[in-house]
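The values are calculated or read from the model by the stated rules, or taken from the named source; none is laboratory data. Computed from a prediction, not measured in an experiment: that's the story for all the values here. A quick note on method: Cβ atoms are made from the backbone with ideal geometry, for glycine too, and the neighbour counts reach across all protein chains shown. Just the protein is used for accessible areas: all its heavy atoms, side chains included, with ligands, DNA and RNA removed. Shrake-Rupley method; radii C 1.70, N 1.55, O 1.52, S 1.80 Å.
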Amino acid sequence: MPFIYIVEDDLNIREIQRYALKNSGFEVKELGCGRELFQAVRERTPSLILLDIMLPGEDGLEILKELRSSRATEKVPVIMVTAKSSELDKVKGLDLGADDYMTKPFGVMELISRVKALLRRTEGLTESAVLKNGEITVDTEKRKVMVSGEPCELTYKEFELLKMMLLNAGIVLSRDKIMDQVWGFDYEGESRTVDMHIKTLRQKLGKGGSAIKTVRNVGYVMDHL
């Protein structure tokens, strides 16, 4: 049975989430702040975390940074839940490593659907620890990228995008497929989001970035080098 932490300081919202998830067969633990979450994670690693942004003490984005910087929680799926709804807020959360993003108010059916979809995508995923293509080397366990022997610093989503491109080298990937696999859901302006991340990824990879080719009206492909 999947085990989920709900990190939310609003008791009414937390109660609704808990009730909906339990009725759908999930085991749930409710938490009110980041301090409680990190204490709970030391005792048990969850299958997924529902994380509100507006929390007392550390906000959800700071908590997310800490989760992604720890070996114990770097791969735990996280859905951000917040009243903020601008595209910039979404992109910021996703770049820090969120797997999905829900804006209040939302229906319980949408919540359950997103939780189930994210767990399906992340269950049992395995890949080689080290991926190489030309001058690019990616250590997926240490989350380190090297280009021509030099370290290359990427955001969380840039790293996930590069990993997807390397795992599918030689295969044309549509923007929709990239959005689904790297961001996990659709929202207004998705093409601009993918294109923006491809642009910055190419720039950071330097000469290695030339391996990412644009396929007009379709998407992108990573050439085998």
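Structure summary
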read-out	value
Residues within region 201-219 that are buried (at least 17 other Cβ atoms within 10 Å of the Cβ) and farther than 14 Å from Met146 by Cα, tallied	3
Residues satisfying the stated conditions in region 29-78, i.e. in a strand (DSSP E or B) and either among the small types (Gly, Ala, Ser) or closer than 21 Å to Trp183 by Cα (or both)	Leu48, Ile49, Leu50, Leu51, Asp52, Val78
Scan of region 171-200 for residues that are modelled with pLDDT under 85, outside any helix (DSSP H, G or I) and open to solvent by less than 80 Å² (accessible area, probe 1.4 Å), ordered by number	Gly184, Phe185, Tyr187, Gly189
The lone exception for Ile13 - which of (1) buried (at least 19 other Cβ atoms within 10 Å of the Cβ); (2) outside any strand (DSSP E or B); (3) of a type in the set (A, V, I, L, M, F, W, C) it fails	(1)
From the options Gly93, Gly97, residue that is at pLDDT below 90, closer than 20 Å to Leu154 by Cβ and in a helix (DSSP H, G or I)	Gly93
Cross-chain or 6+ apart pairs with Cβ under 9 Å, region 109-129 first and under 16 Å from Tyr5 (Cβ atoms) and of a type in the set (Ser, Thr, Tyr), then at pLDDT 80 or above and assigned to a loop (DSSP other than H, G, I, E, B)	Thr122/Ser47; Thr122/Lys75; Thr122/Val76; Thr122/Pro77; Thr122/Asp99
Count of residues meeting criterion [open to solvent by 20 Å² or more (accessible area, probe 1.4 Å) and either farther than 17 Å from Lys204 by Cα or not small (Gly, Ala, Ser) (or both)] in region 132-146	9
Selection from region 73-90 of residues that are at pLDDT below 85 and open to solvent by 20 Å² or more (accessible area, probe 1.4 Å)	Ala83, Lys84, Ser85, Ser86, Glu87, Leu88, Asp89, Lys90
Selection status of Glu110, assigned to a helix (DSSP H, G or I), touching a helix residue (DSSP H, G or I) at 6+ places or on another chain (Cβ under 7 Å) and modelled with pLDDT of 85 or more	no
